[in-house]
Amino acid sequence: MRLFVFALILCSAVLICTAQNSSANQASIPDASSLMKQVEDHQRKLDQTRENYTYREIVVTRELDKNGGVKKTESEEDEVFFVNSHEIDRKVRKNGKELSPDEQKKELERVMKEINKAQKTPPGHAVDKNDVSVSRLLSIMKVSNPRRELLDGRSTFAFDFVGDPQAQTHGVAENASKKLSGTIWIDERDREVRRLIARFDDNFRLGFGLLSVGKGSNFIFDQKLVNNELWLPTNGQAHLVAHAIGLIGYRADISVTDDLYQVFHAEAQQLPEAKLTSSSTKR
């Protein structure tokens, strides 16, 4: 499942986006460049703990007609875990139904391939060309307009951000980042990303120009402190507008819910295969 991949990419982007200096009347807010470095450092320290966790992710996609009415609804339930700091998604249900034995076998084979790639890819680097690494995004994004805002009673630093059109990029995800703008909220106490809202300000072409993500597509991503020890995704929404040559424009609303956070037994933490079969203790 990668329907919500842009939102996840954007979450990584804000951890390391470059920044403009704060104005004099925002002296109480840390320099944005230094703050983003703290966020990145905190994320690295949490990687080891995060790899002990799994959680459920439910993605509901509602395909829309030209008037905004729902034409079709599909759902997918995944188990999410991490290997070498990289996210791995294992599909367990489609449209509310368990996978057939044949589907389970194919999914296990796919997941094991993803695990092998993740093990060979250093933390902070993209697993494939459709992902974007934290270090690369350092030169792609800019932030401005620092301010303090409350979210759920917690103080956050809010910044507006925009992709740098002059940045040198490679691959779909990096190129897409240059077309984005939005706002990011960083928890003041924990220096973690609390919320991200982003939108495409222009059409972005994929597949040699045969498909494009339309201007007006937008994403919302939220994460919170789980079990008072680790920041993990909680929910997200996306409105997708896409166009393809010879086809009527595709529109969809996508909602993502993350829950059922669990921690693995210590004996199951060493082998990635164990994460697919071992029991876990609910927290």
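The values are calculated or read from the model by the stated rules, or taken from the named source; none is laboratory data. Nothing here was measured: the structure is a model prediction, and the numbers come from that model. Using ideal geometry, Cβ is built from the backbone for each residue, glycine included, and neighbour counts are taken over all protein chains shown. What goes into the accessible areas is simple: the full protein's heavy atoms, side chains included, and nothing from ligands, DNA or RNA. Shrake-Rupley method; radii C 1.70, N 1.55, O 1.52, S 1.80 Å.
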Report yes if THR54 is in a helix (DSSP H, G or I) and under 17 Å from LEU260 (Cα atoms), otherwise no.
no
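Return a yes/no flag: does the range 263-281 have any residue that is modelled with pLDDT of 60 or more and part of a strand (DSSP E or B). Steps first, please.
Initially, the range 263-281 is screened for residues modelled with pLDDT of 60 or more, giving 263-264.
Pick out the ones that are also part of a strand (DSSP E or B) and you get 263-264.
Yes - at least one qualifying residue is present in the range 263-281.
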Taking the range 16-44 and keeping only residues that are at pLDDT below 75, part of a loop (DSSP other than H, G, I, E, B) and open to solvent by less than 50 Å² (accessible area, probe 1.4 Å), one is left with ILE16, CYS17, SER22
Give the range 153-182 a look and list any residue that's under 14 Å from LYS142 (Cβ atoms), open to solvent by 50 Å² or more (accessible area, probe 1.4 Å), outside any strand (DSSP E or B) and not basic (Lys, Arg), or say none.
PRO165, GLN166
Among (1) modelled with pLDDT of 85 or more; (2) open to solvent by 40 Å² or more (accessible area, probe 1.4 Å); (3) among the hydroxyl-bearing types (Ser, Thr, Tyr), the one test that TYR53 misses:
(2)
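Of the residues in the range 87-105, how many are part of a strand (DSSP E or B) and open to solvent by 20 Å² or more (accessible area, probe 1.4 Å)? Talk me through it step by step, then tell me what you get.
First, pick out the residues of the range 87-105 that are part of a strand (DSSP E or B): 87-94, 97-98.
With open to solvent by 20 Å² or more (accessible area, probe 1.4 Å) added as a condition, the list becomes 87, 90-94, 97-98.
Final tally of qualifying residues: 8.
Assess whether VAL83 counts as being within 30 Å of ASN228 (Cβ to Cβ), touching a residue at least 12 places away in the same chain (Cβ under 8 Å), under 18 Å from the mean Cα position of the chain (by Cα) and surrounded by 12 or more Cβ atoms within 10 Å (Cβ to Cβ). So that I can check it myself, show each step before the final result.
On the way: within 30 Å of ASN228 (Cβ to Cβ): yes; touching a residue at least 12 places away in the same chain (Cβ under 8 Å): yes; under 18 Å from the mean Cα position of the chain (by Cα): yes; surrounded by 12 or more Cβ atoms within 10 Å (Cβ to Cβ): yes.
Criteria met by VAL83.
Quick check on ALA198: is it touching a strand residue (DSSP E or B) at 6+ places or on another chain (Cβ under 6 Å), of a type outside the set (Val, Ile, Thr), at pLDDT 90 or above and in a strand (DSSP E or B)? Give the steps one after another, and end with the answer.
Values: touching a strand residue (DSSP E or B) at 6+ places or on another chain (Cβ under 6 Å): yes; of a type outside the set (Val, Ile, Thr): yes; at pLDDT 90 or above: no; in a strand (DSSP E or B): yes.
Spelling it out, it is not the case that ALA198 is touching a strand residue (DSSP E or B) at 6+ places or on another chain (Cβ under 6 Å), of a type outside the set (Val, Ile, Thr), at pLDDT 90 or above and in a strand (DSSP E or B).
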